[in-house]
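Enquirer: Let me give you the structure first, and then I'll get to my questions.
Each value in this text was obtained by applying a stated rule to the coordinates, not by laboratory testing. In this text, all values refer to a predicted model and were calculated from it rather than measured experimentally. Positions of Cβ are backbone-derived with ideal geometry, glycine not excepted, and every protein chain shown enters the neighbour counts.
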Amino acid sequence: MKIMEFLSKKAIVPEIKSSKKEEVIKELVEALIGSGDIEKKDYNRIIEALMSRESLGSTAIGQGVAIPHAKADCVDKLVASMGLCKKGVDFDSLDGEPVFIFFLLLAPQDSAGPHLKALARISRLLKDKYFRDSLRACADDKAIIKIIDQEDEKKI
């Protein structure tokens, strides 16, 4: 599974402005609304689903990475947004470090398989320090897409 199969090119935020966990999540959901991947009327339900998942345990997996994710009945296909924050955000990370790279993943309620495959794929890629550093150095969405495309081609 390639990341660009579910990451919306129009929902990449090269510089996240928010500095708090819930605000970052809202900013990434708004990017998906702006890209047309989810409907504005579903905003509150999606935020609720994501924050409910966060309350079970932080989705910040360490090494400056967080993968907030949830399933929602108002989502009809696996979709993701992505963002970078140069200054880092306290996201209750497992290693106590700030988060700089965010992948927000939404899946339909009944899609356990694709949802887990996507989470595993993102996690695997982001374990690579060179990939993380390359992403963090990106200045715009085109550079981010280029780096992800290169990794998608390599690691299948």
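Enquirer: Cut-off 10 angstrom, C-alpha nodes, Gaussian network model of the chain. Which of 114, 14, 68 fluctuates the most?
Expert: Comparing 114, 14, 68 in the GNM, the peak value goes to 114.
Enquirer: Further question: Among 130, 43, rank each residue by its count of other Cβ atoms within 10 Å, from fewest to most, as a rough exposure measure.
Expert: Fewest to most other Cβ atoms nearby, the residues stand as 130, 43.
Enquirer: While we're on this one: Let me check against my output: what whole-number percent is the relative contact order of segment 10-154, with C-alpha pairs under 8 Å and at least 6 apart?
Expert: Result for segment 10-154 is 24 percent.
Enquirer: From the square roots a ≥ b ≥ c of the eigenvalues of the alpha-carbon gyration tensor of segment 70-128, which class results: rounded (a/c under 1.5), prolate (a/b over b/c), or oblate?
Expert: Prolate, since a/c reaches 1.5 and a/b exceeds b/c.
Enquirer: Based on the Kirkwood radius over alpha-carbon pairs, what is the Stokes-Einstein translational diffusion coefficient of segment 52-156 at 4 °C with 1.567 mPa s viscosity, in µm²/s?
Expert: Approximately 90 µm²/s, per Stokes-Einstein.
Enquirer: If you rank 52, 111, 19 by fewest surrounding Cβ atoms within 10 Å, what's the result?
Expert: Ranking 52, 111, 19 by Cβ neighbours within 10 Å, fewest first, gives 52, 19, 111.
Enquirer: Most mobile of 64, 83, 36 per a Gaussian network model of the chain (Cα springs, under 10 Å)?
Expert: Result: 36 has the largest fluctuation of those listed.
Enquirer: A further question on this structure: Are there trypsin sites (Lys or Arg not before Pro) in segment 75-156 that DSSP marks as loop and that have at most 14 other Cβ atoms within 10 Å, and which are they?
Expert: 77, 127, 155
Enquirer: State the percent of C-alpha pairs, over all pairs in segment 103-152, separated by a distance greater than 13 angstrom.
Expert: The share of Cα pairs beyond 13 Å in segment 103-152 comes to 62 percent.
Enquirer: Hey, how many Å between the Cα centroid of segment 58-107 and the Cα centroid of segment 7-38?
Expert: After rounding, the separation between the Cα centres reads 10 Å.
Enquirer: Considering only DSSP beta bridges where both residues belong to the chain, give the percentage that are antiparallel (nearest 5).
Expert: 45
Enquirer: Going by how many other Cβ atoms sit within 10 Å of their own, how do 56, 32, 106, 125 line up, fewest first?
Expert: The order, fewest Cβ neighbours first, is 56, 125, 32, 106.
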